[in-house]
Amino acid sequence: MHSQNIYILGIESSCDDTAASIIHNGKILSNVIANQKIHEAYGGVVPELASRAHQQNIVPVVHQALEKAGIAKEDLNAVAFTRGPGLMGSLLVGTSFAKSLAYGLNIPLIDVNHMQGHILAHYIDEEGFEKPPFPFLAMTISGGHTQIVKVNHYFDMEVIGETIDDAVGEAFDKSGKILGLGYPAGPEIDKRAKQGNPKAFSFTKPKVDGLNFSFSGLKTGIMYFIQRETKKNPNFIEENLNDICASIQYTIIGILIDKLKKASKDTGIKHIAIGGGVSANSGIRQALKDGEHKFGWTTYIPKFEYTTDNAAMIAIVGYLKYLEGYSTEQNVMASARLKI
């Protein structure tokens, strides 16, 4: 089957990025993302603005992906798109476009679960990046999700732990907001954490049973801590910003690694992969690498551009499903709360 030339278009529109990617037999030829800067002024994603921007971006983004890949739309074998989870208005734009395009070209339409995309991004053919063997544990960490998933096969996955309130990306963003940093705050906290002392201040880790996570208590704890200290010293934040960022990051990473350690022990699986936007965090990458020596793990960290929301991960899932002969009916509906 691999002797064929298989070209799949992937479309991703689950949140605020409109993205399109072309994959050829497992190799990415183009990965185009239109970011929506519009949300920065609001300190978070505004759903109505997001879906409107997707409508403006989707045609040029797909056009550019085809152009960069050097193929015509008639060369495509299938169209893969994010069906969910995500913002309904945003998902609808990608879903409708993918349906029409597949229908017009008379080729298979393939729906993709966004969360599976983050996990299966590891199977993109990319030089210098190993692909995890089954079974492995995947930790998906982003602005909207925090999950530990046991991956038995491409399409046999089981969520064994997840957040019961905020996602880890929210924990970074909300902490950043308390400190007066811009949105999204994750990258800024990461940058400052490198210059600070992670043990300067200690925050209580939430106690949650099993492999589930909770971050809302931590956020509240940080807020009270900052209020208390700024009462004593109005310049507390600016005088200690790097140390505060380092301490917050150290605590969040500690929570993630503790659960991964437990998951690895419970399942006996030592192959650990991460995905999602927060896996771009340098502290988390380092903690995983350290886990190789400390716990005998083999870790898999995707190429930087495949960590945040992107269409390459949708294209690889589309490709793997296409190889299995899978396709979707035209009446498929977007779903904001799609389960793995």
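Points to keep in mind about this one:
- If you filter the range 113-166 down to residues that are within 17 Å of Gly26 (Cα to Cα) and of a type in the set (Asp, Glu), you find that the one that is surrounded by the fewest Cβ atoms within 10 Å (Cβ to Cβ) is Glu127.
- The residues of the range 46-69 that are open to solvent by 60 Å² or more (accessible area, probe 1.4 Å) and under 22 Å from Tyr103 (Cα atoms), listed by number, are Gln55, Gln56, Val59, Pro60, His63, Gln64, Glu67.
- Exclusive hit being in contact with a Leu (Cβ under 9 Å, 6 or more places away or on another chain), aliphatic (A, V, I, L, M) and closer than 30 Å to Gly84 by Cα, set Ala311, Ala280: Ala311
- Contacts under 6 angstrom Cβ, first residue in the range 238-256 being closer than 16 Å to Arg228 by Cβ, partner outside any helix (DSSP H, G or I), 6 or more apart: Asp243/Gly196; Asp243/Asn197; Asp243/Ala200; Ser247/Pro198; Ser247/Ala200; Ser247/Phe201
- On the stretch given as the range 196-239, residues that are open to solvent by 50 Å² or more (accessible area, probe 1.4 Å), among the acidic types (Asp, Glu) and not in a loop (DSSP other than H, G, I, E, B) total 2.
Every residue, every condition in (1) at pLDDT below 95; (2) within 19 Å of the chain's Cα centre (by Cα); (3) not aromatic (Phe, Trp, Tyr), yes or no:
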site: His2; (1), (2), (3): yes, no, yes
site: Ile8; (1), (2), (3): no, no, yes
site: Asp16; (1), (2), (3): yes, yes, yes
site: Gly26; (1), (2), (3): no, no, yes
site: Gln36; (1), (2), (3): yes, yes, yes
site: Arg52; (1), (2), (3): yes, no, yes
site: Ile58; (1), (2), (3): yes, no, yes
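- Wholly within the range 134-173, strands (runs of 3 or more DSSP E) carrying at least 1 residues that are of a type in the set (S, T, N, Q) and in contact (Cβ under 8 Å) with a residue 60 or more places away in the chain: 136-141, 146-153
The values are calculated or read from the model by the stated rules, or taken from the named source; none is laboratory data. Everything numeric in this text was worked out from a predicted model, so none of it was measured. Glycine gets a Cβ as well: all are built from the backbone with ideal geometry, and neighbour counts include every protein chain shown. These area figures cover heavy atoms from the full protein model, side chains too; ligands, DNA and RNA do not enter into them. Shrake-Rupley method; radii C 1.70, N 1.55, O 1.52, S 1.80 Å.
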